[in-house]
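A short write-up of the structure that comes next.
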There are 2 protein chains.
Amino acid sequence: MILINTGNGKGKTTASVGLAIRAIGQGFVVAFGQFMKRPDQAGEQEVLHTLLGARFHAKGKGFLTREEQFPSHRAVSEELIAWAMEQMQDVDMLVLDEALYALQSKLLQEDELRNLIALSRQRDNHLVLSGRGCPDWLRDEADLVTEMTEIKHPYKAGIPAQKGIEF
Amino acid sequence: MILINTGNGKGKTTASVGLAIRAIGQGFVVAFGQFMKRPDQAGEQEVLHTLLGARFHAKGKGFLTREEQFPSHRAVSEELIAWAMEQMQDVDMLVLDEALYALQSKLLQEDELRNLIALSRQRDNHLVLSGRGCPDWLRDEADLVTEMTEIKHPYKAGIPAQKGIEF
């Protein structure tokens, strides 16, 4: 199946991590890759790296904020895409966290993602994609799309990003 | 903080698992309890049990479907609530999965949950609650409420619950 966690709320990455943990617990072969995110940026990276070894891949360079950064960001994305195509050959589940961010910023091209999806269909395994801004074609292509929406509390706002919660 | 994952879509439990994994990776002391869910029902239970030992608690009896089941379901919930109150003393994060289901079905009483919240505020740690149907008072009380909404695909519907995905 093709599963997507999208929306502007929290829970996209953590739900993807939880799906990976669930699948690991069921004895599935799982691979987990992250676009954009730097290594050792978030708590889940250490646990996933311990559990998955080389089947965990996070070598991103953060958000793409200036045009001149594109080539170096694209280079690490290409590495991740090559790794993902390879993992796809023998995993039961491949998670690509922030794939939708990468797609939006052209670090992951539509035809590359379509290839991954086609391969996943062919192998009848699970491909989990997360990130903001799911394009229509991908929503149509997917089996399950979940939207995470943040219900705001203006009077409790202003709490900064916290270790162990946001990263 | 009090964090809530609610809504009718997927991702409530998996996002809560992901938050626990993130916090574990940051070196936090984490406890994870589940209302309703039977032991060994879902893949994440094995991994959480391995990572958390006695700080993982899942001894539920499934959905409450008949009134005469209430006493035995309430008994295991009381055990879980006592365990949670104890964990609350020294954890950085306590996750209570399906707490909102338990609240709705009176297996967890409002005053019991208010006690847990008050204790969490006092200790300045994190309490993560998940489940369908967040009551207004709890939404008001929480710092962060995320709603998971399933965007359906009628033409791709009819796929049964799958191991490693739904459990």
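If R0 is 30 Å, what FRET efficiency do you get for residue B:86 and residue A:8 from their C-beta distance, rounded to 0.05? Don't jump to the answer; show the numbers that get you there.
Numbers: r = 37 Å, r/R0 = 1.23.
E(calc), rounded to 0.05, equals 0.25.
Which of the listed residues, A:87, A:149, A:160, is farthest toward the dipole's positive end in chain A, when Lys, Arg count +1 and Asp, Glu count -1 at the beta-carbon?
So the residue we want is A:160.
Run through all the Cα pairs of region A:2-148 and give the fraction in each 10 Å bin from 0, expressed as whole percent.
12, 46, 37, 5, 0
Which three numbers, in whole Å and largest first, are the semi-axes of the equivalent ellipsoid of the protein assembly as shown derived from its Cα gyration tensor as √(5λ)? Numbers along the way, then the final one.
Numbers: eigenvalues 223, 92, 69 Å².
Semi-axes (√(5λ), whole Å): 33, 21, 19.
Which distances, shortest first and in nm, link residue A:143 to the matching position in the other copies, using label points set 7 Å out along Cα to C-beta?
List, nearest first: 3.7 nm.
Quick one: dipole size for region B:16-62, taken about the Cα centre, charges +1 on Lys/Arg Cβ and -1 on Asp/Glu Cβ, in debye to the nearest 20. Could you put the intermediate results ahead of the total?
Numbers: 6 positive and 3 negative charges, 38 e Å.
The dipole magnitude comes to about 180 debye.
What ranking of A:72, A:77 emerges when the number of other C-beta atoms within 10 Å of each C-beta is taken as an exposure proxy, fewest first?
Working: A:72 11, A:77 25.
Least to most surrounded, the residues fall as A:72, A:77.
With +1 on each Lys and Arg Cβ and -1 on each Asp and Glu Cβ, how big is the dipole of the protein assembly as shown about its Cα centre, in debye rounded to the nearest 20?
Working: 38 positive and 46 negative charges, 15 e Å.
Here the size comes out at about 80 debye.
At 222 nm, what value in deg cm²/dmol follows for the protein assembly as shown if DSSP H runs of at least 4 each add -39500 (n - 2.57) and the sum is divided by all its residues, to the nearest 500? Please report the intermediate quantities before stating the final value.
Numbers: 12 runs with 136 residues, N = 334.
So the helix-based figure for the protein assembly as shown works out to -12500 deg cm²/dmol.
Comparing B:27, B:11, B:53, which has the greatest mean-square fluctuation in the GNM of chain B with Cα pairs linked when under 10 Å apart?
Sorting by GNM fluctuation, first place goes to B:27.
Listed here are the pairs A:37/B:37; A:10/B:163; A:12/B:37; A:37/B:61; which of them are more than 30 Å apart at the Cα?
Numbers: A:37/B:37 33 Å; A:10/B:163 25 Å; A:12/B:37 23 Å; A:37/B:61 40 Å.
Going by Cα-Cα distance, A:37/B:37; A:37/B:61 fall outside the 30 Å limit.
Of B:66, B:74, B:121, which has the largest mean-square fluctuation in a 10 Å C-alpha GNM of chain B?
Answer for the Gaussian network model of chain B: B:66.
Per residue of B:39-45, what is the mean number of Cβ atoms on other protein chains within 10 angstrom of that residue's Cβ?
The mean count of partner-chain Cβ atoms within 10 Å per residue comes to 4.
Can you give me the relative contact order of chain B as a percent, contacts being Cα pairs under 8 Å and 6 or more apart? Don't skip to the end; give the middle numbers.
Numbers: 271 pairs, mean separation 63.2, N = 167.
RCO, chain B: 38 percent.
Considering every residue in A:24-35, what mean count of other chain Cβ atoms within 10 Å of its Cβ is obtained? Mind dumping the intermediate values first?
On the way: counts 5, 13, 10, 4, 4, 0, 1, 0, 0, 0, 0, 0.
Partner-chain Cβ atoms within 10 Å, mean over residues of A:24-35: 3.
Cβ under 12 Å from residue B:134's Cβ, residue B:134 left aside: what net charge do those residues give with Lys, Arg +1 and Asp, Glu -1? Intermediate values should be presented prior to the final figure.
Working: positive: B:12, B:132, B:139; negative: B:136, B:140, B:141, B:147.
Charge balance near residue B:134 sits at -1.
What's the exposure ranking of B:10, B:163, going from fewest to most Cβ atoms within 10 Å?
Working: B:10 20, B:163 14.
Result, fewest neighbours first: B:163, B:10.
Using a 10 Å cut-off around each Cβ, can you sort B:55, B:22 from fewest to most neighbouring Cβ atoms?
Details: B:55 20, B:22 27.
Neighbour counts put them in this order, fewest first: B:55, B:22.
Residue B:137 versus residue B:115, label points 7 Å from Cα toward the beta carbon: distance in nm?
The answer from the label model is 1.5 nm.
Under a GNM of chain A (C-alpha, springs under 10 Å), which listed residue has the highest mean-square fluctuation: A:103, A:51, A:129?
Its mean-square fluctuation being the largest, the pick is A:51.
Treat every Asp and Glu Cβ in region A:2-148 as -1 and every Lys and Arg Cβ as +1, leave all other atoms uncharged, and give the resulting dipole magnitude about the Cα centre to the nearest 20 debye. Each step should come with its number before you reach the end.
Working: 16 positive and 21 negative charges, 72 e Å.
Here region A:2-148 has a charge dipole of around 340 debye.
The numbers here are math on the coordinates, done by the rules we state, and not lab data. Quick caveat: nothing in here was measured; it's all calculated off a predicted structure. In this analysis, Cβ positions are derived from the backbone assuming ideal geometry, glycine residues included, and neighbour counts consider all displayed protein chains.
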